[in-house]
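Taking it in order: structure first as structure tokens, then the write-up.
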Amino acid sequence: MADSEKVKESMESASSEISREFRTLTDSRDLDSIKQAQNLILGRLQDSNAVLSHFNEYSENCFMEVHADFAKNTRLLRSMKSDLDYIFQKLRSLKNKIAGTYPDAFPDTSEIEALDQRPDLELPKDS
């Protein structure tokens, strides 16, 4: 038991000596300035967090307001595209029937390309 008490006493004295040495290594003014800087940073981060939380709530409310209109307009555009695809399919079919019945009714492809200078919206433009 005496050995364990001696070991315990030597550990306590060593730890107190190390504590004293660490206290001499650091200046209390430096520690205070570090604490002050950390508190300042903490305050700024809390403010930023509050602003971001408010912005997220605002964004969610805005999204909920426009989501229904956006979904409705998306469905409308898809329906219009489907209708236009059907119309152009019928036009091509009629054009082919007319071209079969009256071969001279439409100019050849080189003349069509010269007349039609509209951009093709379906294919991406080469840059």
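At-a-glance table
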read-out	value
Cα centre as origin, Lys/Arg/Asp/Glu Cβ charges: region 1-102 dipole, Debye	1660
Stretch gain in nm, segment MET11-LEU84, where the contour uses 0.36 nm per residue and the Cα spacing is subtracted	17.5 nm
Cα→Cβ-extended label distance, 7 Å offset, between CYS62 and ALA105, nm	5.4
Spin-label pair LEU91/LEU77, simplified geometry with 7 Å Cα→Cβ offset, distance in nm	2.1
Simple spin-label estimate for PHE22 and GLN36 in nanometres, 7 Å along Cα-Cβ	2.4
Order of exposure, largest accessible area first, which applies to SER28, SER59 with probe 1.4 Å	SER28, SER59
Set of region 19-63 residues, backbone N closer than 18 Å to the point 7 Å along the Cα-Cβ line of PHE70	55-63
Anisotropy class of region 1-66 from Cα gyration tensor, a/c 1.5 cut	oblate
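The values are calculated or read from the model by the stated rules, or taken from the named source; none is laboratory data. Keep in mind that what you see is a predicted model, and the values were worked out from it rather than measured. Every residue, glycine among them, receives a Cβ derived from its backbone with ideal geometry; neighbour counts consider all protein chains shown. When the accessible area is computed, the model is the full protein with side chains, heavy atoms only, and any ligands, DNA or RNA have been set aside. Shrake-Rupley method; radii C 1.70, N 1.55, O 1.52, S 1.80 Å.
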